[in-house]
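Structure record follows, encoded as structure tokens.
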Amino acid sequence: MKARGKIKDKKGAILNAALTLITKYGLHGVSMKMIAEEANVAAGTIYIHFKNKEEMLSSLYLNITNEINLMVGRHYKANVSFKDNFILIWSEILKEYIKDQRVPDFISQFAFSAEDASADSTQLLAPIYELFEKAQKENVIKNMPMPGLVALAHGPITALVRMARSSKFEISSIDVENYAEACWDAIRSNQ
């Protein structure tokens, strides 16, 4: 994912360093000093780009969110079934998370952090929410609260990446389409 910027760009280096450290030490276990050291910049440089840690984390979250949402938009095809779109988009999100395994960890930590919930966490997967709402109106997927549907569809992606990282299985052995089909089965309407 490109949201962290080019390493030559100091702001991008700061965001990239934050992402790496947060994955390693947790959202609240990382200090600005640690981020500065990882980014190879002076601590004061961070404050040129961000007012405080919360603003930096919000910026990182929004950058990642925008990338994911743009990817969803690129892969959505109006002329194919909702199921086919779901399989394709789900598969692409998993592939992106496998490429940069820091991303799902950061998203989970940030989106569910009570302290950081003030950032617009509804931004993440906004296009998915729209597609799901349309599919519910057409009775293609289950009529249940949207956060539950998103959890059924998105949660397994992050779980697969974590399991692969902890050596439960090789990432190369993940049959992406098979897992996407299983998630589809969890949300599709039985009618």
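Overview of results
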| read-out | value |
| --- | --- |
| Approximate shape of region 1-99 as ellipsoid semi-axes (Cα gyration tensor, √5λ), whole Å, largest first | 32, 13, 11 |
| Pairwise label distance in nanometres, Tyr25 with Arg74, each label 7 Å out on the Cα-Cβ vector | 3.3 |
| Acute angle (nearest 10 degrees) that the helix 102-111 long axis makes with the longest principal axis of the chain, alpha-carbon atoms | 90 |
| Potential extension, Asp175-Ala159 segment - 0.36 nm per residue separation minus Cα distance | 4.3 nm |
| Cα shape, region 47-98, gyration tensor, a/c 1.5 rule | prolate |
| Long-range amide H partners of Ile141 with built H, under 5 Å | Gln136, Ser189 |
| Theoretical FRET efficiency, 1/(1+(r/R0)^6), r = Cβ-Cβ of Lys99 and Met144, R0 30 Å, to 0.05 | 0.45 |
| For region 132-147, 3J(HN,Hα) per residue [Karplus equation, 6.51 cos²θ - 1.76 cosθ + 1.60, θ = phi - 60°, Hz, x = Gly/Pro] | 5, 4, 5, 5, 5, 4, 8, 6, 8, 10, 4, 8, 9, x, 4, x |
| Alpha-carbon Rg/Rh ratio, for the chain, with Rh computed the Kirkwood way | 1.00 |
| R0 of 41 Å, Cβ-Cβ distance Lys137-Lys33: FRET efficiency to nearest 0.05 | 0.20 |
| Solvent exposure, largest accessible area first (probe 1.4 Å, DNA, RNA and ligands not counted), of Ile98, Ile89, Ile48 | Ile48, Ile98, Ile89 |
| At R0 = 22 Å, FRET efficiency that the Cβ-Cβ distance of Ala151 and Asn52 yields, to 0.05 | 0.10 |
| Folded to 0 to 90 degrees: helix 176-187 orientation relative to the chain principal axis, Cα | 70 |
| Residues in region 86-111 reached by a label modelled at Ala182 [backbone nitrogen below 16 Å; 7 Å Cα→Cβ] | 87, 90-91, 94-95 |
| Principal-axis tilt of helix 53-75 within the chain, Cα atoms, nearest 10 degrees | 30 |
| Per-residue [θ]222 nm for the chain (sum of -39500 (n - 2.57) over DSSP H runs n ≥ 4, rounded to 500) | -21500 deg cm²/dmol |
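The values are calculated or read from the model by the stated rules, or taken from the named source; none is laboratory data. For clarity, every value in this text was computed on a predicted model and none was experimentally measured. Note: ideal-geometry Cβ built from the backbone for every residue, glycine included; neighbour counts use all protein chains shown. Just so you know, the surface numbers come from the protein's heavy atoms only, side chains and all, with ligands and any DNA or RNA stripped out. Shrake-Rupley method; radii C 1.70, N 1.55, O 1.52, S 1.80 Å.
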